Protein chains: 4
Amino acid sequence: MAFRANLKVCFGDIDNAGIVYYPRFLHYFHVALEEFFNTELRIDYAEIIHKHRLGFPTVHLESDFLSPLCFGDRIEVEIKVLEIGQTSIKWGYMVYKTGEDNKLVVKGHNVTVCLKMDTFTKTDIPDWLRHSFETYQLKCEKDLKVTP
Amino acid sequence: MAFRANLKVCFGDIDNAGIVYYPRFLHYFHVALEEFFNTELRIDYAEIIHKHRLGFPTVHLESDFLSPLCFGDRIEVEIKVLEIGQTSIKWGYMVYKTGEDNKLVVKGHNVTVCLKMDTFTKTDIPDWLRHSFETYQLKCEKDLKVTP
Amino acid sequence: MAFRANLKVCFGDIDNAGIVYYPRFLHYFHVALEEFFNTELRIDYAEIIHKHRLGFPTVHLESDFLSPLCFGDRIEVEIKVLEIGQTSIKWGYMVYKTGEDNKLVVKGHNVTVCLKMDTFTKTDIPDWLRHSFETYQLKCEKDLKVTP
Amino acid sequence: MAFRANLKVCFGDIDNAGIVYYPRFLHYFHVALEEFFNTELRIDYAEIIHKHRLGFPTVHLESDFLSPLCFGDRIEVEIKVLEIGQTSIKWGYMVYKTGEDNKLVVKGHNVTVCLKMDTFTKTDIPDWLRHSFETYQLKCEKDLKVTP
């Protein structure tokens with residue numbers, strides 16, 4: 001199954017309209033991605049930056065906000081690896097509101113590029129990382145085929 | 001000329017990669033929009049919510065991040081009204097780094113819908129607001145024609 | 001035992017000095033408090049606001065930051081009820097870095113007042129809430145006495 | 001006169017109680033301090049970190065929140081240099097709500113220590129910086145004496 005991070009809408013995530021301030025959703029995407037690296041891939045995201053000196057800035061983002069969220073709502077952010085390029089990754093995000101019907105509330109994707117932190121220049125995704133992404137991608141595809 | 005909000009990258013906008021945390025760009029979009037209402041349209045954004053009981057949640061967002069920003073960078077966020085629908089507005093954002101070459105660093109657009117705050121249901125954009133948006137749109141178009 | 005919320009330092013919590021941006025610690029305090037209400041007291045913090053129309057703004061805050069935190073650090077935020085007044089509560093926070101020595105990294109306290117959300121005027125802490133706070137306070141004190 | 005930074009309460013600064021989320025006030029303190037360095041002292045705060053490799057983490061903080069703020073409120077954050085130590089500075093913050101009576105809404109102070117960014121060890125405040133702080137302190141004191 002695809003990885004899902006369990007998050008909760010905090011008091012401070014709310015804006016003056018009483019719903020989640022929409023930039024916070026992108027923060028949710030990122031927090032879920034950090035957890036995905038640590039829990040699913042068993043790769044310490046902090047180590048990639050500090051030890052391997054690689055970063056993954058977002059260069060493109062698209063998102064649909066289908067339903068507003070309120071303080072106290074619990075959500076699950078599903079992460080998919082949509083495409084693996086030479087230097088870039090396309091990530092998919094589906095945010096479900098935890099509860100009776102697990103309604104899809106936000107969906108989106110972004111493209112991140114692999115950057116050498118010391119020079120801020122693009123670089124190929126290292127093989128050990130590419131392998132991890134591919135393994136996860138295969139795992140998700142297999143699930144899809146099994147589902148009748 | 002199109003409205004531009006002058007902002008500055010704060011110490012706390014920076015992430016662990018030493019550049020602006022990308023959700024903060026969407027915050028910049030919003031802050032610029034708030035200023036656009038107050039300064040360009042002379043409409044108090046807070047009053048729209050509290051007095052007129054209308055909100056403008058984002059339902060769709062697309063953005064390209066062309067160049068990273070660092071602490072202390074000054075930026076100008078240009079606001080355009082791209083499309084005016086029955087209940088929705090499509091806004092355009094261009095972020096330029098203030099300086100010698102005023103490089104475009106981020107571009108994006110989002111769609112906001114007009115919502116009754118008390119019921120969270122879609123409603124037609126009121127005429128006085130529509131008129132303001134159209135006037136601004138015309139002003140920007142006229143500039144375009146004048147530019148040789 | 002006193003309640004502890006388990007949190008993790010996010011990528012976006014870091015500032016330009018490479019450590020947790022200090023206002024984020026106050027956010028950690030608040031997130032821990034929200035969890036304390038839900039998990040320890042079994043009271044839905046969102047319901048207090050939306051159903052009972054009560055809020056708890058902070059009127060005083062003191063904090064010592066003993067040691068910086070970095071991206072990926074795991075922390076435990078311990079919550080204590082230090083004093084229960086007619087209309088106010090004094091809360092204690094101890095932040096420990098999860099790991100070998102569970103070092104105390106931040107300690108602080110704040111005073112919140114009980115406010116009617118509709119009029120923004122002070123009001124007595126309702127008995128059902130006061131009872132919950134007192135029960136928790138007693139539980140923590142009993143632990144203290146047991147510890148040799 | 002003491003330096004004052006003009007800020008505005010953003011849509012996203014508001015919490016679920018409809019007032020400024022209190023950790024945001026500490027963010028206001030910091031933003032005002034950044035502006036103080038740039039505008040009043042004519043020292044680029046970013047350069048202190050990146051060129052001089054010095055940081056100023058907060059080790060102690062106290063604050064009183066006298067009155068809540070809402071979206072759209074304009075504030076002035078006054079900065080004072082309260083004490084200059086060997087390695088530490090005590091800063092004073094007074095937040096006034098811009099308007100008819102310029103009411104004091106928040107007051108606080110924090111202590112920051114001068115740190116070598118490369119080793120995260122305390123170091124003496126360099127003379128050129130100390131001189132700047134002292135000059136500003138004298139300027140504020142002189143104002144006080146002049147005021148009848």
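The values are calculated or read from the model by the stated rules, or taken from the named source; none is laboratory data. Just so we're clear, the structure is a prediction, and the values are computed from it rather than from any experiment. For neighbour counting, all protein chains shown are included, and Cβ atoms are generated from backbone atoms with ideal geometry for every residue, glycine included. SASA here: full protein model, heavy atoms, side chains in, ligands and nucleic acids out. Shrake-Rupley method; radii C 1.70, N 1.55, O 1.52, S 1.80 Å.
General observations
- Single match in C:VAL106, C:VAL77 (criterion: assigned to a strand (DSSP E or B), touching a Lys or Arg at 6+ places or on another chain (Cβ under 9 Å), β-branched (Val, Ile, Thr) and at pLDDT 95 or above): C:VAL77
- Single unsatisfied condition, C:ALA2 versus (1) more than 14 Å from chain A (Cβ to nearest Cβ); (2) in contact with a Cys (Cβ under 6 Å, 6 or more places away or on another chain); (3) free of Cβ contacts under 8 Å to residues at least 60 places away in the same chain: (3)
- Here B:MET94 meets the list (1) more than 27 Å from A:LEU69 (Cα to Cα); (2) touching a residue at least 24 places away in the same chain (Cβ under 8 Å); (3) under 11 Å from the mean Cα position of the chain (by Cα) almost entirely, failing just condition (2).
- Test result for A:PRO23, facing another protein chain (nearest Cβ under 7 Å) and in contact (Cβ under 8 Å) with a residue 12 or more places away in the chain: no
- Residues that are free of Cβ contacts under 8 Å to residues at least 40 places away in the same chain and either assigned to a helix (DSSP H, G or I) or in contact with a Ser or Thr (Cβ under 9 Å, 6 or more places away or on another chain) (or both) within region D:32-58 comprise D:GLU34, D:GLU35, D:PHE37, D:ASN38, D:THR39, D:ARG42, D:TYR45, D:ALA46, D:GLU47, D:HIS50, listed in sequence order.
- Members of region A:14-25 that are under 16 Å from D:PHE71 (Cα atoms), out of contact with any Leu (no Cβ under 8 Å at 6 or more places or on another chain) and not in a loop (DSSP other than H, G, I, E, B): A:ILE14
- Residues in region D:61-74 that are among the aliphatic types (A, V, I, L, M) and in a strand (DSSP E or B): D:LEU61 alone.
- Selection status of B:VAL106, on the phi < 0 side of the Ramachandran plot, open to solvent by less than 20 Å² (accessible area, probe 1.4 Å) and touching a helix residue (DSSP H, G or I) at 6+ places or on another chain (Cβ under 7 Å): yes
- Qualifying residue in region A:77-93 (condition: within 14 Å of chain C (Cβ to nearest Cβ) and over 14 Å from A:PHE133 (Cα atoms)): yes
- C:TYR136 vs. criteria open to solvent by less than 10 Å² (accessible area, probe 1.4 Å), of a type in the set (Ser, Thr, Tyr) and part of a strand (DSSP E or B): no
- Taking region D:32-52 as the range and being open to solvent by less than 20 Å² (accessible area, probe 1.4 Å), within 11 Å of chain B (Cβ to nearest Cβ) and out of contact with any helix residue (DSSP H, G or I) (no Cβ under 6 Å at 6 or more places or on another chain) as the test, the residues that pass are D:ALA32, D:LEU33, D:ALA46, D:ILE48, D:ILE49.
- Single residue of B:GLY99, B:GLY72, B:GLY92, B:GLY85 found to be touching a Phe, Trp or Tyr at 6+ places or on another chain (Cβ under 8 Å) and of a type in the set (Gly, Ala, Ser): B:GLY72
- If you go through region B:34-55 and keep only what is among the aliphatic types (A, V, I, L, M) and under 16 Å from B:ILE125 (Cα atoms), you end up with B:LEU41, B:ILE43, B:ILE48, B:ILE49, B:LEU54.
- Among residues of region D:64-89 that are open to solvent by 20 Å² or more (accessible area, probe 1.4 Å), those with a beta-carbon under 6 Å from a residue that is among the aromatic types (Phe, Trp, Tyr) at least six positions away or on a different chain give the pairs D:GLU76/D:TYR96; D:ILE84/D:PHE133.
- Residue that is farthest from C:ASP15 (Cα to Cα) [pool: residues in region D:8-20 that are within 14 Å of chain C (Cβ to nearest Cβ) and among the hydrophobic types (A, V, I, L, M, F, W, C)]: D:ALA17
- Meets criteria (assigned to a helix (DSSP H, G or I) and not charged (D, E, K, R)) for D:GLY92: no
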